[in-house]
Amino acid sequence: MTQLTMAKSINEGLRRAMADDPKVLVMGEDIGKLGGVFRITDGLLDQFGAQRVIDTPLAEAGIMGTAVGLAFRGYRPVVEIQFDGFVYPAFDQIVCQVAKLHYRTRGNVTMPITIRIPWAGGVGAAEHHSESPEAYFVHTSGLRVVAVSNPQDAYIMLRQAIASNDPVVYFEPKRLYHTKGDVDLDADLADAPPMGLARVAREGTDVTLLTYGAQVTTALDAATAAEDEGVSIEVIDLRSISPVDYRTVTASVRKTGRVVVTHEAAREAGVGAELVASVTERCFNYLEAAPARVTGHDIPYPPAKLEKYHLPDLDRILDAVDRVLDRPNSLTGVEL
């Protein structure tokens, strides 16, 4: 095991994938000489050259369109969208081409494209730099959508995404880039947990807490705080949000009988809404209380000085836990 930051683990994942397969190339804005805004691609240009580490114009639609053409020719492009909010100009290519070409060609064409998106808030940035657009892609058939929460998953799931013949939208939480953890750089993909498998990050018996990305850390903090009050929270790191590993999710909910979902994206028609609906359909007879959601507010991303009021925090999560447990110290009778 090697101690790496999440940023470095992603860098190493790209390096390993490029070394293993000469058809893998990376492309995006400022990813070559600069090494990317977050230095994720640092050193790759020197090692693999400008034919495989491609600085592109500031044109996300053009970047994705080029990736589609490269995939047609047998390459495995890894596209970096510089910031989450910059993905929207590429939305047409992702939804209308990348997600549909395999189906449209009756399986004759694959789109092994990995779309890396530095994602979400908590870093004091403005709108367009702190977005959580995952629900748009989860709603789109033909895409795999994953969100990593720790350096080991960041490393291995990126390699799995690149090796997959399906297009993968790979969300990497910016506020965890400098979080350190143990990473097995020699891990074999055949021995690693499948990319679509959820992880029980903490076992518990009273409430199931479903989340993904940077919110996993907040959820674990909430579970630790709840333990002091005698409440046992099971934290599930979904890892994949399309498809969702409902076998792991439902096993936990049937055990605890209560569920809270938290994510940073807006509440309205968010991933949490689908999770709550699906869990209710699968576990209705096991539920002891209505599921609760703790999310970002239904507003454009706020200025940096106000983002702490927008991001779901430990107190809001614990309030939802109190509500599903029908504890009297809940702050409010309605979902936040």
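Share of pairwise Cα-Cα distances greater than 18 Å in segment 1-97 is 45 percent (whole percent). What's the FRET efficiency of L185 with E268 using the Cβ-Cβ distance as r and R₀ = 45 Å, to the nearest 0.05? Using R0 = 45 Å, I get an efficiency of 0.65.
Which of rounded, prolate, oblate describes segment 198-260, given a ≥ b ≥ c as roots of the alpha-carbon gyration tensor eigenvalues and a/c under 1.5 marking rounded, otherwise prolate only if a/b is larger than b/c? Here segment 198-260 falls in the oblate category. Each semi-axis of the equivalent ellipsoid for segment 143-212 is √(5λ) with λ an eigenvalue of the Cα gyration tensor; in descending order they amount to 21, 15, 14 Å. The calculated 222 nm mean residue ellipticity attributable to helices in the chain amounts to -9500 deg cm²/dmol, summing -39500 (n - 2.57) over DSSP H runs of n ≥ 4 and dividing by all residues. Inter-label distance, A304 to R104: 4.1 nm, where each label sits 7 Å from its Cα along the C-beta direction. Taking only protein heavy atoms and a 1.4 Å probe, the accessible area of segment 3-114 is 54% carbon and sulfur.
The apolar share of the surface of segment 257-324, taken as the fraction of accessible area on carbon and sulfur atoms (1.4 Å probe, ligands and nucleic acids excluded), comes to 54 percent.
Each label was represented as a point 7 Å from its Cα along the Cα-to-Cβ direction; for Y88 and Q51 these points are 3.9 nm apart. On full extension, the segment bounded by D42 and H297 gains 88.3 nm, given 0.36 nm per residue less the C-alpha separation. Ranked by the mean number of other Cβ atoms within 10 Å of their residues, highest first, the peptides 307-316, 93-102, 167-176, 124-133 fall in the order 167-176, 93-102, 124-133, 307-316.
Quick one: accessible area per residue over the chain, 1.4 Å probe, rounded to a whole number of Å²?
Numbers: 14400 Å² over 336 residues.
It amounts to 43 Å² per residue over the chain.
One chain, two ends: A251 and E229. Fully extended at 0.36 nm per residue, the span grows by 5.5 nm beyond their Cα-Cα distance.
Directionally averaged projected area (the chain, Cα convex hull): 16.8 nm².
With the full set of protein chains in place, find how many percent of the accessible area of segment 189-247 is carbon and sulfur; take the probe as 1.4 Å.
Ligands and nucleic acids excluded, carbon and sulfur give 49 percent.
Of all the options D237, D46, D221, the one that moves most in a Gaussian network model of the chain with Cα springs shorter than 10 angstrom is D46. Each residue, D30 and S141, gets one label point 7 Å from its Cα in the Cβ direction; the gap between the two is 3.9 nm.
What FRET efficiency would be calculated for the residue pair N165, A59, taking the C-beta separation as r and a Förster radius of 45 Å, to the nearest 0.05? That pair, N165 with A59, gives E of 0.95.
The values are calculated or read from the model by the stated rules, or taken from the named source; none is laboratory data. Values in this document were obtained by computation on a predicted structure and should not be read as measured data. Quick reminder, even Gly has a Cβ in these numbers, built from the backbone with ideal geometry, and neighbours come from all protein chains shown. Surface areas here come from the heavy atoms of the whole protein model, side chains and all, with no ligands, DNA or RNA. Shrake-Rupley method; radii C 1.70, N 1.55, O 1.52, S 1.80 Å.
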